[in-house]
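Encoded as structure tokens, the structure appears first; notes follow it.
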Amino acid sequence: MIADLKNWTIKESGFSEDKVTSNGNKFLCGNGYLGIRGTLEEFDKEYLPSINLAGIYDQVGNGWREPLNAPNGLYTRIKIDGVYYDLPKNEPVNHEQEVNYRHGIVTRITRWETRRGNITVTCERFAHYDKVHLICMRYSILADFHADVEILTGIDGDVWDIHGPHYDQLLFEEEDIFTATGITHENKDRVAVAEEISVNHPYERKRKKEGRKLLHRICLITEANKKIDLDKMVAIYTSKDCKEPEEAAKKEVREALQRGYEVCKSTHMNIWEEHWKTAEIYIEGDPEAMEALNYSLYHLQCIAPRHSDSLSIAARGLSGQTYKGAVFWDTEMFMLDYFLYTQPEVAKTLLRYRIDTLEGAKKKAESYGYEGAFYAWESQEGGYDACSDYNVTDVFTKRPMRTHFKDKQIHISAAIVYGIMRYVKITGDQRFLEQGGIETILECAKFYDFLLVKKVHSDQYELHDVIGPDEYHERVNNNGYTNRMAKFTFETAAKLLDDLMKFSKETIEKIEDNYDVERCKMDYREAAERIFIPKPDENGVLEQFDGYGKLEDASVEEVKGRLLHEKEYWGGAYGVASQTKVIKQADVVTWLTMFSEDFSEEVMLKNWRYYEPRTEHGSSLSACMYALLACRCGMPQKAYSFFMKSASADLLPGGKEWAGLVYIGGTHPAAAGGAYMTAIQGFGGVYVEDGELKVKPQLPEQWKKLRFTIKYQNQLYEIIETKDSAVINPL
């Protein structure tokens, strides 16, 4: 891999079939409505190509419900003198693939040697940043001889699905513009793909249908050393977007063809440039870190739902169907800050989704016999929880294993409260609370209040039978992180009710009509005061949950050595880690990072040193929490390696791609968000005190200067820091 800072490119030279899956993530481009995996144009579903769509799902039989991949309108392959030239079937003389992450443009260049000379294919494509339904591609051919060329290009309806096939019908139209419409299994939603081409060279065209492919057959003869460009415009609409998605897609394609490829590209690039004016982070003295960090922010921007006012981001972004395309706590706890500080309107969209799915959270709570709002662990449309009770497959028996992610990870509801209040704090948008925010917080408080238990001879409230951020230990009592987040929820709800008279008359009446305000205030204050919060032991260590200290104190390497299969799940009832102190990811450390005012720096440092050697970091969410807490403890150099692990999650190999026999690969937007938080709040030391934006820089040794732009309460600031100085400039 080569990083070119001047041109903002990530490049891979040479072709390896082993890297096809990871390169699909590395070279992804997207615009929030759709994400295009960085696979090659000639690939069929064996190599996991996908145009993944945001916010639309389907379920087939007993398979997992997952987001839709659209029919592939980019499919293209070539014949030279009657012979196909494809990867990986035909070994190239050379091959390069790159993404310009400044502008979201993916390029491949492949040269083959034929019987009569050399042929070079260059393909450039992008998901239009403004016209979010539009994909533009330029496929260029250069031969050093007069070549007989046949280009087969069109729409491939044989879609890669993990739990499909999701299209019961595939309807083709062969008018002036090709269309393929897939009809989904569950809701009969329509996904329409329209496609048309233009070529800057005389050619003959025929149309043909091959199985589930609708293709143009373009025949032409090249001139030696003269490049031929085939421009392709693809548009995708669904019946969730409009009543006639086929007509809308065809109209988009016609308009794009009229503008032409270069105009579309120029518009696209200009909008990306506007984005980077507020998002770019400059690091003097460490080009590798600057590259990794800005590339991470590129991935966040590719999946930002700017086209909607109520939509969230899936745990794997738009890189495919892994994790069912569902929304996890990742969004509020790890991704949100990036959008708060650069595009608060997107942050509002993410949280609006949670407010709009409140009824789904209440229905989930009711299904378990609870009150209040129990948010989905894996949220899909309407707050439907896509999480299965059998989320892992045993590698030995091949049978599904009972897991408790769905029913015991109750900390999810507090993450929503935390996100809403962080949005209000950073943006100053108090009106958001009156737009459903207050009710959401009160319902989450009601949920935790219902779950509280009290032993007969104790005055304390407890939360039992839960899973904290560390998923290797299931059904524990008094997980410190969970209890602290519940306390935060109670405190927030009580404070909002104390301040109720500051809101509009309409809001006051609505709350008073639906809640016993005085009783709720009393109950939530009492719950906040009396809920059990673990205290440091004689060594200054906080016990992660009741009984954690009595578990076997084996090292991560010891536990790893007990695996009988490389894809064996470490947690659950019989997992190799479940009876040891080895944890999957930051748990107590996440608590201390989020509430660093709770304890002294000495206590935080002791817990960092205790838990880090016992953490497997089996989640991409883990490293950034250790990085942030290291900064809170004055250890920026210790934080640095964890920061780089987060920032490089989609650059370097080695990420976890399997949970048992379930493929969980894809991009890592939560790690990207964590890298941003570490850079800005950790090394940059950004914080808010008494409503005022302040900074306390803690730069790593190699960083000479850090410069970034953030938005706080509707004011843009440029912040420039060195090791011993910091300047906050209003813009």
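Among the residues of region 450-509, those that are surrounded by fewer than 17 Cβ atoms within 10 Å (Cβ to Cβ), closer than 26 Å to Gly572 by Cα and not hydrophobic (A, V, I, L, M, F, W, C) comprise His464, Asp465, Arg475, Asn477.
Each row is one residue, and each column tells you yes or no for (1) touching a Phe, Trp or Tyr at 6+ places or on another chain (Cβ under 6 Å); (2) touching a residue at least 40 places away in the same chain (Cβ under 8 Å); (3) farther than 30 Å from His411 by Cβ; (4) among the aromatic types (Phe, Trp, Tyr).
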{"site": "Cys264", "(1), (2), (3), (4)": "no, yes, yes, no"}
{"site": "Met269", "(1), (2), (3), (4)": "no, yes, yes, no"}
{"site": "Pro287", "(1), (2), (3), (4)": "no, yes, yes, no"}
{"site": "Leu297", "(1), (2), (3), (4)": "no, yes, no, no"}
{"site": "Leu300", "(1), (2), (3), (4)": "yes, yes, no, no"}
{"site": "Ser308", "(1), (2), (3), (4)": "no, yes, no, no"}
{"site": "Ala315", "(1), (2), (3), (4)": "yes, yes, no, no"}
{"site": "Leu340", "(1), (2), (3), (4)": "no, yes, no, no"}
{"site": "Ala347", "(1), (2), (3), (4)": "yes, yes, no, no"}
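Contact map, region 163-181: first residue under 14 Å from Pro245 (Cα atoms) and in the same structural domain as Lys45 (by TED's automatic domain parsing), second residue surrounded by 19 or more Cβ atoms within 10 Å (Cβ to Cβ) and polar (S, T, N, Q), Cβ cut-off under 6 Å, separation 6 or more or different chains; pairs are Leu171/Thr181; Glu173/Thr179.
Let's see how each residue does on (1) at pLDDT 95 or above; (2) outside any loop (DSSP other than H, G, I, E, B); (3) of a type in the set (D, E, K, R):
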residue	(1), (2), (3)
Val20	no, yes, no
Gly35	yes, yes, no
Glu41	yes, no, yes
Gly63	no, no, no
Lys79	yes, yes, yes
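Selection over region 559-592 of residues that are outside any loop (DSSP other than H, G, I, E, B), crowded, with 24+ Cβ neighbours inside 10 Å and hydroxyl-bearing (Ser, Thr, Tyr) gives a count of 1. Screening Ser266 against (1) at positive phi; (2) not assigned by TED's automatic domain parsing to the domain that holds Met677 leaves a single unmet condition, (1). Before we move on, is Ser319 outside the structural domain of Pro71 (by TED's automatic domain parsing) and under 12 Å from the mean Cα position of the chain (by Cα)? When the stated conditions are applied, Ser319 passes them. When you look at Leu230, is it closer than 25 Å to Asp189 by Cβ and not in a loop (DSSP other than H, G, I, E, B), yes or no? It is false that Leu230 is closer than 25 Å to Asp189 by Cβ and not in a loop (DSSP other than H, G, I, E, B). Kindly check whether there is at least one residue in region 682-703 that is without any contact (Cβ under 8 Å) to a residue 60 or more places away in the chain, in contact with an Asp or Glu (Cβ under 7 Å, 6 or more places away or on another chain) and more than 23 Å from Tyr423 (Cβ to Cβ). Among the residues of region 682-703, at least one is without any contact (Cβ under 8 Å) to a residue 60 or more places away in the chain, in contact with an Asp or Glu (Cβ under 7 Å, 6 or more places away or on another chain) and more than 23 Å from Tyr423 (Cβ to Cβ), which makes the answer yes. Consider region 593-618 and keep the residues that are without any contact (Cβ under 8 Å) to a residue 40 or more places away in the chain and of a type in the set (S, T, N, Q). The one that is surrounded by the fewest Cβ atoms within 10 Å (Cβ to Cβ) is Ser600. For region 395-412, the condition of being assigned by TED's automatic domain parsing to the domain that holds Ile467, in contact with a Leu (Cβ under 9 Å, 6 or more places away or on another chain), over 20 Å from Pro67 (Cβ atoms) and buried (at least 23 other Cβ atoms within 10 Å of the Cβ) holds for at least one residue. As a summary of the residue check, Leu318 satisfies the conditions (1) outside any helix (DSSP H, G or I); (2) under 20 Å from Gln585 (Cα atoms) except for the one numbered (2).
The values are calculated or read from the model by the stated rules, or taken from the named source; none is laboratory data. The shown structure was predicted, so the numbers you read here are calculated from the model rather than taken from an experiment. Positions of Cβ are backbone-derived with ideal geometry, glycine not excepted, and every protein chain shown enters the neighbour counts.
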